[in-house]
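Right, one structure below, let's go through it.
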Amino acid sequence: MSETMGLPPGTRVLVTAGASGIGYAIATSFAAAGAKLHVCDIDKTTLDACAAAHPDWGTSLCDVSDEAEVERLFQEAEAHLGGLDVLVNNAGIAGPTGSIHTMDGPEWRRTIDVNLNSQFYCTKLAVPLLQQSENPSIICLSSVAGRLGYAFRTPYAASKWAIIGMVKSLAIELGPQGIRVNAILPGVVEGPRIDKVIAARAEVAGVPHQQMEQEYISKISLRRMVTAQDIANQALYLASPLGANISGQPISVCGNVEVL
Ligand code: NAD
(Lines give C-alpha, C1' and ligand atoms only; values in the text may rest on other atoms or scores of the structure.)
Protein backbone atom coordinates (compact mmCIF):
# COMPACT_ATOMS: atom_id res chain seq x y z
CA MET A 1 0.00 0.00 0.00
CA SER A 2 2.80 2.39 0.92
CA GLU A 3 4.20 2.46 -2.65
CA THR A 4 0.92 3.79 -4.00
CA MET A 5 1.05 6.55 -1.38
CA GLY A 6 3.90 8.26 -3.22
CA LEU A 7 5.49 9.73 -0.10
CA PRO A 8 8.25 12.09 -1.26
CA PRO A 9 11.54 10.14 -0.90
CA GLY A 10 13.54 11.04 2.18
CA THR A 11 10.53 12.55 3.97
CA ARG A 12 11.75 13.40 7.48
CA VAL A 13 9.46 12.01 10.17
CA LEU A 14 9.43 12.22 13.96
CA VAL A 15 7.18 9.75 15.79
CA THR A 16 6.74 10.12 19.54
CA ALA A 17 6.48 6.84 21.47
CA GLY A 18 7.58 5.19 18.25
CA ALA A 19 9.42 2.20 19.70
CA SER A 20 6.36 -0.02 20.14
CA GLY A 21 2.62 -0.30 19.53
CA ILE A 22 0.89 2.01 17.05
CA GLY A 23 3.86 4.39 16.94
CA TYR A 24 6.17 1.57 15.86
CA ALA A 25 3.71 0.47 13.16
CA ILE A 26 3.60 4.06 11.91
CA ALA A 27 7.40 4.41 11.99
CA THR A 28 8.03 1.12 10.14
CA SER A 29 5.38 1.98 7.53
CA PHE A 30 6.91 5.39 6.86
CA ALA A 31 10.39 3.82 6.69
CA ALA A 32 9.11 1.23 4.18
CA ALA A 33 7.74 4.13 2.11
CA GLY A 34 11.23 5.68 1.95
CA ALA A 35 11.06 8.10 4.88
CA LYS A 36 13.90 8.99 7.25
CA LEU A 37 12.89 8.32 10.85
CA HIS A 38 13.51 9.62 14.33
CA VAL A 39 11.58 8.06 17.20
CA CYS A 40 11.50 8.59 20.92
CA ASP A 41 10.21 6.50 23.79
CA ILE A 42 10.17 6.61 27.58
CA ASP A 43 11.09 2.92 27.83
CA LYS A 44 14.84 2.34 27.41
CA THR A 45 14.62 -1.41 26.82
CA THR A 46 12.05 -1.00 24.04
CA LEU A 47 13.95 1.91 22.54
CA ASP A 48 17.25 -0.03 22.56
CA ALA A 49 15.57 -2.95 20.79
CA CYS A 50 14.14 -0.54 18.23
CA ALA A 51 17.57 1.08 17.66
CA ALA A 52 19.16 -2.36 17.20
CA ALA A 53 16.49 -3.37 14.66
CA HIS A 54 16.71 -0.06 12.76
CA PRO A 55 20.28 1.27 12.95
CA ASP A 56 19.46 4.01 10.44
CA TRP A 57 16.75 5.53 12.65
CA GLY A 58 17.51 8.25 15.16
CA THR A 59 16.34 7.39 18.68
CA SER A 60 15.92 9.49 21.80
CA LEU A 61 15.04 8.41 25.32
CA CYS A 62 12.36 10.93 26.25
CA ASP A 63 9.31 11.40 28.42
CA VAL A 64 7.27 13.68 26.17
CA SER A 65 5.30 15.05 29.11
CA ASP A 66 8.50 16.82 30.26
CA GLU A 67 9.05 20.03 28.29
CA ALA A 68 12.83 20.09 28.89
CA GLU A 69 13.15 16.50 27.64
CA VAL A 70 11.15 17.42 24.53
CA GLU A 71 13.57 20.28 23.87
CA ARG A 72 16.45 17.78 23.93
CA LEU A 73 14.44 15.41 21.73
CA PHE A 74 14.05 18.10 19.09
CA GLN A 75 17.77 18.95 19.16
CA GLU A 76 18.56 15.27 18.58
CA ALA A 77 15.84 14.83 15.94
CA GLU A 78 16.95 17.91 14.03
CA ALA A 79 20.59 16.77 14.16
CA HIS A 80 19.60 13.36 12.78
CA LEU A 81 16.95 14.37 10.25
CA GLY A 82 18.30 17.77 9.19
CA GLY A 83 14.78 19.24 9.30
CA LEU A 84 11.24 17.94 9.64
CA ASP A 85 8.35 17.21 7.27
CA VAL A 86 6.01 15.15 9.44
CA LEU A 87 5.38 15.19 13.19
CA VAL A 88 3.38 12.27 14.53
CA ASN A 89 2.18 13.10 18.05
CA ASN A 90 1.51 9.53 19.05
CA ALA A 91 2.44 9.15 22.74
CA GLY A 92 -0.52 8.51 24.99
CA ILE A 93 -1.46 6.52 28.08
CA ALA A 94 -4.74 4.96 29.13
CA GLY A 95 -4.88 6.79 32.45
CA PRO A 96 -6.92 5.55 35.39
CA THR A 97 -10.15 3.54 35.17
CA GLY A 98 -12.84 4.24 37.75
CA SER A 99 -15.44 6.64 39.07
CA ILE A 100 -14.41 10.28 39.03
CA HIS A 101 -14.61 10.62 42.83
CA THR A 102 -12.09 7.79 43.29
CA MET A 103 -9.43 9.42 41.11
CA ASP A 104 -6.65 11.47 42.59
CA GLY A 105 -5.07 14.64 41.23
CA PRO A 106 -1.70 13.16 40.23
CA GLU A 107 -3.24 10.42 38.03
CA TRP A 108 -5.58 12.98 36.39
CA ARG A 109 -2.68 15.37 35.76
CA ARG A 110 -0.38 12.60 34.48
CA THR A 111 -2.99 11.61 31.85
CA ILE A 112 -3.39 15.20 30.66
CA ASP A 113 0.40 15.76 30.73
CA VAL A 114 1.23 12.71 28.60
CA ASN A 115 -1.75 12.78 26.25
CA LEU A 116 -2.27 16.52 25.70
CA ASN A 117 0.54 18.71 27.02
CA SER A 118 3.15 16.58 25.24
CA GLN A 119 1.46 17.36 21.93
CA PHE A 120 1.72 21.09 22.69
CA TYR A 121 5.45 20.81 23.57
CA CYS A 122 6.23 18.84 20.39
CA THR A 123 4.05 20.91 18.06
CA LYS A 124 5.51 24.18 19.36
CA LEU A 125 9.03 23.05 18.48
CA ALA A 126 7.98 21.35 15.23
CA VAL A 127 6.30 24.38 13.62
CA PRO A 128 9.48 26.41 12.88
CA LEU A 129 10.96 23.28 11.22
CA LEU A 130 7.76 22.48 9.31
CA GLN A 131 7.70 26.06 7.99
CA GLN A 132 10.88 25.12 6.05
CA SER A 133 9.31 21.94 4.60
CA GLU A 134 7.70 21.49 1.17
CA ASN A 135 5.20 18.87 2.40
CA PRO A 136 4.56 19.68 6.07
CA SER A 137 2.06 17.74 8.12
CA ILE A 138 1.16 17.19 11.77
CA ILE A 139 -0.72 14.04 12.73
CA CYS A 140 -2.08 13.80 16.27
CA LEU A 141 -3.29 10.56 17.79
CA SER A 142 -6.63 11.06 19.49
CA SER A 143 -9.12 8.19 19.97
CA VAL A 144 -12.77 7.38 19.40
CA ALA A 145 -12.89 8.51 23.03
CA GLY A 146 -12.28 11.94 21.47
CA ARG A 147 -15.72 11.88 19.81
CA LEU A 148 -17.74 9.80 22.30
CA GLY A 149 -18.30 9.88 26.04
CA TYR A 150 -16.32 7.19 27.87
CA ALA A 151 -17.63 6.50 31.36
CA PHE A 152 -15.01 5.56 33.98
CA ARG A 153 -12.23 6.80 31.66
CA THR A 154 -12.94 10.53 32.05
CA PRO A 155 -9.35 11.84 32.07
CA TYR A 156 -8.52 9.84 28.94
CA ALA A 157 -11.64 11.04 27.09
CA ALA A 158 -11.08 14.64 28.22
CA SER A 159 -7.48 14.56 26.92
CA LYS A 160 -8.51 13.04 23.60
CA TRP A 161 -11.34 15.56 23.04
CA ALA A 162 -8.88 18.34 23.83
CA ILE A 163 -6.59 17.10 21.04
CA ILE A 164 -9.44 17.62 18.55
CA GLY A 165 -9.78 21.23 19.70
CA MET A 166 -6.05 21.72 19.29
CA VAL A 167 -6.02 20.13 15.81
CA LYS A 168 -8.97 22.17 14.55
CA SER A 169 -7.49 25.42 15.86
CA LEU A 170 -4.00 24.71 14.49
CA ALA A 171 -5.36 23.70 11.08
CA ILE A 172 -6.83 27.20 10.76
CA GLU A 173 -3.77 28.89 12.23
CA LEU A 174 -1.17 27.00 10.17
CA GLY A 175 -3.14 26.30 6.98
CA PRO A 176 -2.11 29.55 5.24
CA GLN A 177 1.52 28.38 5.66
CA GLY A 178 0.66 25.08 3.96
CA ILE A 179 0.94 23.03 7.15
CA ARG A 180 -1.77 20.38 7.42
CA VAL A 181 -2.95 19.28 10.85
CA ASN A 182 -5.15 16.24 11.34
CA ALA A 183 -6.14 13.78 14.05
CA ILE A 184 -6.49 10.04 13.78
CA LEU A 185 -9.03 8.47 16.12
CA PRO A 186 -8.22 4.77 16.52
CA GLY A 187 -10.96 2.52 17.78
CA VAL A 188 -10.32 -0.76 19.54
CA VAL A 189 -6.84 -1.73 18.34
CA GLU A 190 -5.82 -5.40 18.68
CA GLY A 191 -2.89 -5.91 21.03
CA PRO A 192 -1.69 -5.97 24.64
CA ARG A 193 -2.78 -2.41 25.44
CA ILE A 194 -6.47 -3.06 24.73
CA ASP A 195 -6.23 -6.34 26.66
CA LYS A 196 -5.14 -4.32 29.73
CA VAL A 197 -7.90 -1.74 29.18
CA ILE A 198 -10.54 -4.48 28.88
CA ALA A 199 -9.16 -6.24 31.97
CA ALA A 200 -9.36 -3.01 34.01
CA ARG A 201 -12.92 -2.36 32.85
CA ALA A 202 -13.98 -5.95 33.50
CA GLU A 203 -12.71 -5.57 37.06
CA VAL A 204 -14.60 -2.29 37.61
CA ALA A 205 -17.79 -3.86 36.19
CA GLY A 206 -17.25 -7.19 38.02
CA VAL A 207 -17.62 -9.30 34.85
CA PRO A 208 -15.28 -11.86 33.16
CA HIS A 209 -12.67 -10.55 30.68
CA GLN A 210 -14.22 -12.42 27.74
CA GLN A 211 -17.65 -10.92 28.42
CA MET A 212 -16.19 -7.42 28.48
CA GLU A 213 -14.31 -8.10 25.21
CA GLN A 214 -17.57 -9.24 23.57
CA GLU A 215 -19.27 -6.09 24.87
CA TYR A 216 -16.62 -3.97 23.17
CA ILE A 217 -16.96 -5.83 19.85
CA SER A 218 -20.78 -5.70 19.90
CA LYS A 219 -20.54 -1.89 19.84
CA ILE A 220 -18.43 -1.84 16.66
CA SER A 221 -20.54 -1.78 13.47
CA LEU A 222 -18.05 -3.97 11.58
CA ARG A 223 -17.89 -6.32 14.63
CA ARG A 224 -14.10 -6.48 14.66
CA MET A 225 -11.12 -4.68 16.14
CA VAL A 226 -8.75 -2.70 13.95
CA THR A 227 -4.99 -3.21 13.69
CA ALA A 228 -2.05 -0.90 14.32
CA GLN A 229 -1.32 -1.23 10.59
CA ASP A 230 -4.76 0.27 9.80
CA ILE A 231 -3.73 3.35 11.80
CA ALA A 232 -0.31 3.48 10.13
CA ASN A 233 -1.94 3.32 6.68
CA GLN A 234 -4.09 6.34 7.54
CA ALA A 235 -1.07 8.28 8.83
CA LEU A 236 0.81 7.54 5.59
CA TYR A 237 -2.16 8.66 3.53
CA LEU A 238 -2.44 11.94 5.44
CA ALA A 239 1.28 12.67 5.03
CA SER A 240 1.38 11.74 1.34
CA PRO A 241 0.34 13.89 -1.62
CA LEU A 242 -2.93 11.89 -1.67
CA GLY A 243 -3.84 13.74 1.53
CA ALA A 244 -2.64 17.10 0.25
CA ASN A 245 -6.02 18.78 0.66
CA ILE A 246 -7.01 17.26 3.98
CA SER A 247 -6.59 19.42 7.08
CA GLY A 248 -8.43 20.05 10.33
CA GLN A 249 -10.06 16.60 10.25
CA PRO A 250 -10.60 14.12 13.05
CA ILE A 251 -10.53 10.81 11.13
CA SER A 252 -11.83 7.70 12.86
CA VAL A 253 -10.21 4.39 11.95
CA CYS A 254 -12.38 2.12 14.03
CA GLY A 255 -14.90 0.01 12.09
CA ASN A 256 -17.40 2.60 13.35
CA VAL A 257 -17.41 2.34 17.12
CA GLU A 258 -20.99 3.36 17.95
CA VAL A 259 -20.66 3.89 21.68
CA LEU A 260 -18.02 3.24 24.34
P1 NAD B 1 1.12 1.75 24.02
O2 NAD B 1 0.52 1.68 25.37
O3 NAD B 1 1.30 0.44 23.29
O4 NAD B 1 2.50 2.53 24.16
C5 NAD B 1 3.32 2.75 23.05
C6 NAD B 1 4.63 3.34 23.52
O7 NAD B 1 4.43 4.60 24.22
C8 NAD B 1 5.40 2.46 24.51
O9 NAD B 1 6.64 2.07 23.91
C10 NAD B 1 5.61 3.37 25.73
O11 NAD B 1 6.86 3.15 26.35
C12 NAD B 1 5.52 4.76 25.12
N13 NAD B 1 5.24 5.83 26.06
C14 NAD B 1 4.35 5.84 27.07
N15 NAD B 1 4.39 7.01 27.75
C16 NAD B 1 5.34 7.77 27.15
C17 NAD B 1 5.87 9.07 27.40
N18 NAD B 1 5.42 9.80 28.43
N19 NAD B 1 6.84 9.55 26.59
C20 NAD B 1 7.32 8.79 25.57
N21 NAD B 1 6.87 7.54 25.29
C22 NAD B 1 5.89 7.03 26.07
O23 NAD B 1 0.24 2.75 23.12
P24 NAD B 1 -0.53 2.48 21.76
O25 NAD B 1 -1.66 1.54 22.00
O26 NAD B 1 0.45 2.18 20.70
O27 NAD B 1 -1.21 3.93 21.52
C28 NAD B 1 -0.61 4.95 20.75
C29 NAD B 1 -1.58 6.11 20.68
O30 NAD B 1 -2.83 5.71 20.12
C31 NAD B 1 -1.90 6.73 22.05
O32 NAD B 1 -2.02 8.13 21.93
C33 NAD B 1 -3.25 6.11 22.38
O34 NAD B 1 -4.01 6.89 23.28
C35 NAD B 1 -3.88 6.04 21.01
N36 NAD B 1 -4.95 5.04 20.95
C37 NAD B 1 -4.67 3.71 21.14
C38 NAD B 1 -5.72 2.80 21.08
C39 NAD B 1 -5.50 1.31 21.27
O40 NAD B 1 -6.48 0.56 21.31
N41 NAD B 1 -4.25 0.84 21.36
C42 NAD B 1 -7.03 3.24 20.84
C43 NAD B 1 -7.26 4.59 20.65
C44 NAD B 1 -6.21 5.49 20.71
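The values are calculated or read from the model by the stated rules, or taken from the named source; none is laboratory data. Note that the structure is predicted; figures quoted are calculated from it, not measured. Backbone-built Cβ (ideal geometry, glycine too); neighbour counts: all protein chains shown. Please note that ligands, DNA and RNA were not included when accessible areas were found on the heavy atoms of the full protein model with its side chains. Shrake-Rupley method; radii C 1.70, N 1.55, O 1.52, S 1.80 Å.
Per the conditions (1) in contact (Cβ under 8 Å) with a residue 40 or more places away in the chain; (2) among the aliphatic types (A, V, I, L, M); (3) touching a strand residue (DSSP E or B) at 6+ places or on another chain (Cβ under 6 Å); (4) outside any loop (DSSP other than H, G, I, E, B), the sole criterion not satisfied by residue 25 is (3). Summed over the range 8-22, the residues that are part of a strand (DSSP E or B) and out of contact with any Leu (no Cβ under 6 Å at 6 or more places or on another chain) give a count of 1. Scoring residue 240 on the criteria (1) in contact (Cβ under 8 Å) with a residue 60 or more places away in the chain; (2) within 16 Å of the ligand (Cβ to nearest atom); (3) farther than 25 Å from residue 110 by Cα leaves a single failure, condition (2).
For residues that are more than 12 Å from the ligand (Cβ to nearest atom) and surrounded by 21 or more Cβ atoms within 10 Å (Cβ to Cβ), scanning just the range 142-173, find the one that is farthest from residue 237 (Cα to Cα). Step through it out loud before you land on a result.
Kept after step one, since they are more than 12 Å from the ligand (Cβ to nearest atom), are these residues of the range 142-173: 149, 151-152, 154, 158, 161-162, 164-173.
In the following step, the residues that additionally are surrounded by 21 or more Cβ atoms within 10 Å (Cβ to Cβ) were identified as 167, 170.
Details: 167: 17, 170: 20 Å.
Only one residue fits best here, namely 170.
For the range 194-221, what are the residues that are touching a strand residue (DSSP E or B) at 6+ places or on another chain (Cβ under 9 Å) and closer than 28 Å to residue 91 by Cβ? Across the range 194-221, the qualifying residues are 216, 219, 220. Scanning the range 238-249 for residues that are surrounded by fewer than 20 Cβ atoms within 10 Å (Cβ to Cβ) and not aliphatic (A, V, I, L, M), we see that the one that is nearest to residue 29 (Cα to Cα) is 241. Scanning the range 124-140 for any residue that is open to solvent by 20 Å² or more (accessible area, probe 1.4 Å) and touching a residue at least 60 places away in the same chain (Cβ under 8 Å) turns up at least one such residue.
Restricting 35, 53 to residues that are more than 15 Å from the ligand (Cβ to nearest atom) and out of contact with any Asp or Glu (no Cβ under 7 Å at 6 or more places or on another chain) narrows the list to 35.
Restricting to the range 239-260, name every residue that is among the polar types (S, T, N, Q), over 16 Å from the mean Cα position of the chain (by Cα) and over 16 Å from residue 214 (Cα atoms).
First, the residues of the range 239-260 that are among the polar types (S, T, N, Q): 240, 245, 247, 249, 252, 256.
Now restrict to residues that are over 16 Å from the mean Cα position of the chain (by Cα): 240, 245, 247, 256.
Hits for the range 239-260 are 240, 245, 247.
Each row is one residue, and each column tells you yes or no for (1) surrounded by fewer than 18 Cβ atoms within 10 Å (Cβ to Cβ); (2) closer than 17 Å to residue 42 by Cα; (3) β-branched (Val, Ile, Thr); (4) at pLDDT 95 or above.
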| residue | (1), (2), (3), (4) |
| --- | --- |
| 71 | yes, yes, no, yes |
| 87 | no, no, no, yes |
| 95 | no, yes, no, yes |
| 100 | yes, no, yes, yes |
| 111 | no, yes, yes, yes |
| 118 | no, yes, no, yes |
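A single entry from 243, 191 fulfils the requirement of being at pLDDT 95 or above and closer than 25 Å to residue 88 by Cβ: 243.
Contact annotation: residue pairs with Cβ atoms under 9 Å, 6 or more positions apart or on different chains, pairing a residue in the range 41-58 that is farther than 23 Å from residue 93 by Cβ with a partner that is exposed (fewer than 14 other Cβ atoms within 10 Å of the Cβ), are 58/79. Checked across the range 93-101, the condition of being out of contact with any Cys (no Cβ under 8 Å at 6 or more places or on another chain), of a type in the set (A, V, I, L, M), closer than 27 Å to residue 158 by Cβ and away from the ligand (no atom under 16 Å from the Cβ) holds for at least one residue. Between 112, 100, the distinction of being in contact with a helix residue (DSSP H, G or I) (Cβ under 9 Å, 6 or more places away or on another chain) and within 28 Å of residue 175 (Cα to Cα) belongs to 112 only.
Quick check: anything in the range 174-188 within 27 Å of residue 100 (Cβ to Cβ), surrounded by 14 or more Cβ atoms within 10 Å (Cβ to Cβ) and at pLDDT below 95? Within the range 174-188 (the criterion being within 27 Å of residue 100 (Cβ to Cβ), surrounded by 14 or more Cβ atoms within 10 Å (Cβ to Cβ) and at pLDDT below 95), the answer is yes, since at least one residue qualifies.
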